[in-house]
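Trainee: One structure coming up, written as structure tokens, with questions to follow.
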Amino acid sequence: MDAKDDKDPERARIVVVGGGYGGLFTAMQLERAGQVTLVTSEPNFLHTPLLYEYMSGEVEAWHIAPAYQELLGERIRFLQGAVTGVDFEAREVEVAGRVRTLSYDYLVLAVGGVTNFWGVEGADKYAMPFRKIRHADDLRARMIEALDSIQPDAPPQDARRAATFVVVGAGASGVELSTKMSDLLYDAFRRRGLKGEPHVVVVEMGREVVPGMDAGIRRVAERALYERRIEVHTETRVVKVMPDGAVIEHGGERQEIKASGVVWTAGVRTNPLVEKLDVERDRRGLIVVEPSMQIKGRPGVFALGDIAAYTEVPPSLFGTAQLAFQESDLVAGNVQALIDGGVPSRGHFKELGEAVSLGTDDAAVLASGQVVTGQLARQARFALYTTRLPTWQHRLKVGAAWFFGGKTPRPLGL
Ligand SMILES: Cc1cc2nc3c(=O)[nH]c(=O)nc-3n(C[C@H](O)[C@H](O)[C@H](O)COP(=O)(O)OP(=O)(O)OC[C@H]3O[C@@H](n4cnc5c(N)ncnc54)[C@H](O)[C@@H]3O)c2cc1C
């Protein structure tokens, strides 16, 4: 590195890496605390809980993926780029394609996770991940392509074969995705006058769907899958993914499913950047943090969200936006405390409730121990997620668009 960013002696240099729930919300809270730089690899934030609704056309890209440039005030410097390394001794961050390093006084790492294919043969090549806007676009395009390949007079079994999709994983993600896909495909069959029906298959390694979630939510999710004629295989592993389907294994028996697409929702692993950092990690590869969320042995350096192992977190909260969101308050408060010469505090994170969408016209929300379903739950879920959007200006714009414009799905192929 041939040069370093100049230091303003008056203001603390705070570098935040990763613009998800952890990083973006921390950076926004610190905008007055010092010279804040947010470095992140994509140009847009992503409100992941509504990625299914984007795929179905119920919401638009600008609703859930606003550009950082629009969200961040002038006080925060935005740098689009992938961080490739951190020199903790020199207090510098390397960004791909950038000669100058970024110097920091305080560093916040929030680079999130990536899809975990668990080394399953062919999965990284042929399975479709579902974590980004482009993944949702790819899946939608794949469904349209499959429908377009069906001749109008095709026999039902040929139509079903062409409209077969496998969803790997029956956590909240797999259930939300498969029910949306099923509703869209059935709707397309009706509109196109195709004979027969589509075929959505869900494969889950565990004994039940939405493992770890409330039993009431599980019952509703099971009913939603059943009503949509989604084929659910529990205690079943995907052992191979091919360009035209997948091989599954249950009780030692293998079965090949021919499909037009295999979508992978079955796991997240920490961002590869974390493996390159000279920090202590636990057996899951997560960064070990102190109660203040500073990385163990690295004062002034914080980690949060999907990459951090905070000991006092209820297991069901791990790997959720609601945790990253709550941790951002603690990290922002503690960076400010260090700047002010104060003592950082510890965090207490709580479960803020459970909500899943079920197809394009239903949802289940757990509120005060009661499961609410149907249109009411669907509207409540939208209302809840409006409040989680990053800025009040964006919340207002999106809330108005949903209120006045509605949230009807966009049919496949139209
Ligand atoms: C489809 C989907 C639906 C979900 N639904 C829910 C839900 O309903 N409720 C819930 O609580 N949670 C949900 N989650 C989980 C939730 O999105 C994550 O737990 C949360 O986003 C974690 O926040 P984070 O800040 O740790 O990481 P992320 O939000 O993943 O943000 C990481 C950021 O870092 C950037 N980045 C990555 N590598 C680099 C690098 N090398 N340099 C610079 N920037 C980098 C990324 O582009 C990204 O902007 C969902 C996740 C997905 C994928």
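Trainee: In square angstrom, what is the accessible area per residue of the chain with a 1.4 angstrom probe?
Mentor: 45 Å²
Trainee: Calculated from DSSP H runs of 4 or more alone, at -39500 (n - 2.57) each and per residue, what is the 222 nm mean residue ellipticity of the chain, nearest 500?
Mentor: That comes out to -10000 deg cm²/dmol.
Trainee: Moving to a separate point now. Taking the Cα centre of the chain as origin, sum charge times position over the Cβ atoms of Lys and Arg (+1) and Asp and Glu (-1), and report the length of that vector in debye to the nearest 20. Mind dumping the intermediate values first?
Mentor: Numbers: 49 positive and 54 negative charges, 119 e Å.
The calculation lands at about 560 debye.
Trainee: Determine the share of the stretch 1-91's accessible area contributed by carbon and sulfur atoms, expressed in whole percent, with a 1.4 angstrom probe.
Mentor: Details: 1680 of 3870 Å².
Carbon plus sulfur share of accessible area: 43 percent.
Trainee: Output the peptides 94-107, 396-409 sorted from most to least packed, where packing is the average of other Cβ atoms within 10 Å over each peptide's residues. Each step should come with its number before you reach the end.
Mentor: Details: 94-107: 17.5, 396-409: 14.2.
Listed from highest to lowest mean packing, they are 94-107, 396-409.
Trainee: Given a 10 angstrom Cα cut-off, can you work out which residue in GLU253, GLU58, GLU31 is the most mobile in a GNM of the chain?
Mentor: Between GLU253, GLU58, GLU31, it is GLU253 that shows the largest mean-square fluctuation.
Trainee: Ranked highest first by the average count of other Cβ atoms within 10 Å around their residues, in what order do 45-56, 279-290, 305-316 fall?
Mentor: Going by the mean number of other Cβ atoms within 10 Å, highest first, we get 45-56, 305-316, 279-290.
Trainee: Helix 392-405 against the longest principal axis of the chain: what's the angle in degrees, Cα atoms only, rounded to the nearest 10?
Mentor: That helix lies at roughly 20 degrees to the long axis.
Trainee: Under 14 Å from the Cβ of LEU277, count the other residues' Cβ atoms, weight Lys and Arg +1, Asp and Glu -1, and hand me the total. Let's see the in-between values first.
Mentor: Working: positive: ARG91, LYS276, ARG281, LYS296, ARG298; negative: ASP87, GLU89, GLU92, GLU94, GLU275, ASP278, GLU280, ASP282.
Net charge around LEU277: -3.
Trainee: Next question, about the same structure. What angle, in degrees between 0 and 90 and rounded to the nearest 10, separates the Cα long axis of helix 172-192 from the longest principal axis of the Cα atoms of the chain?
Mentor: It works out to around 40 degrees.
Trainee: For Cα pairs less than 8 Å apart in space and 6+ apart in sequence, what is the mean separation divided by the residue count of the chain, i.e. the relative contact order in percent? Provide the component values of the computation, followed by the final result.
Mentor: Details: 854 pairs, mean separation 76.0, N = 414.
With pairs under 8 Å counted, the relative contact order is 18 percent.
Trainee: Within the stretch 122-242, what whole-number % of the accessible surface is contributed by carbon and sulfur, with the 1.4 Å probe and all protein chains included in the calculation?
Mentor: Looking at the stretch 122-242 in its full context, I get 46 percent from C and S.
Trainee: In percent, how large is the relative contact order of the stretch 287-414, given Cα pairs closer than 8 Å and 6 or more residues apart? List each step's numbers first, then the result.
Mentor: On the way: 147 pairs, mean separation 19.2, N = 128.
Relative contact order, the stretch 287-414: 15 percent.
Trainee: A further question on this structure: Quick one: dipole size for the stretch 259-401, taken about the Cα centre, charges +1 on Lys/Arg Cβ and -1 on Asp/Glu Cβ, in debye to the nearest 20.
Mentor: Details: 14 positive and 14 negative charges, 43 e Å.
About 200 debye.
Trainee: Further, regarding this structure: How large are Rg and Dmax for the stretch 126-174 when calculated on the C-alpha trace, in angstrom?
Mentor: Taking only Cα atoms of the stretch 126-174, I get Rg and Dmax of 12.8, 37 Å.
Trainee: While we're looking at this one, here's another question. Net charge within 9 Å of ARG75 by Cβ-Cβ distance, Lys/Arg positive one each and Asp/Glu negative one each, not counting ARG75 itself? If you can, show how the numbers build up before the last one.
Mentor: Values: positive: ARG32, ARG77; negative: GLU31, GLU74.
With Lys, Arg at +1 and Asp, Glu at -1, the neighbours total 0.
Trainee: Mind computing the radius of gyration and Dmax over the alpha-carbon atoms of the stretch 371-414? Å is fine for both.
Mentor: Cα only, the stretch 371-414: 12.3, 35 Å (Rg, Dmax).
Trainee: Considering Cα pairs under 8 angstrom that are at least six residues apart, work out the relative contact order of the stretch 104-237 and quote it in whole percent.
Mentor: Reported relative contact order: 22 percent.
Trainee: Report the equivalent ellipsoid semi-axes for the chain in whole Å, largest first, defined as the square roots of five times the eigenvalues of the gyration tensor built from alpha carbon atoms.
Mentor: So the three semi-axes of the chain are 40, 23, 21 Å.
Trainee: Among residues other than GLU121 whose Cβ falls under 15 Å from its Cβ, what is the net charge (Lys/Arg +1, Asp/Glu -1)? Mind dumping the intermediate values first?
Mentor: Working: positive: LYS125, ARG237, LYS240, ARG254; negative: ASP124, ASP244, GLU249, GLU256.
Summing Lys/Arg as +1 and Asp/Glu as -1 gives 0.
Trainee: Pop out the carbon and sulfur fraction of the accessible area of the stretch 246-387 as a percent, whole number, probe 1.4 Å.
Mentor: 51 percent
The values are calculated or read from the model by the stated rules, or taken from the named source; none is laboratory data. Model, not experiment: these values are computed from the prediction. A quick note on method: Cβ atoms are made from the backbone with ideal geometry, for glycine too, and the neighbour counts reach across all protein chains shown. What goes into the accessible areas is simple: the full protein's heavy atoms, side chains included, and nothing from ligands, DNA or RNA. Shrake-Rupley method; radii C 1.70, N 1.55, O 1.52, S 1.80 Å.
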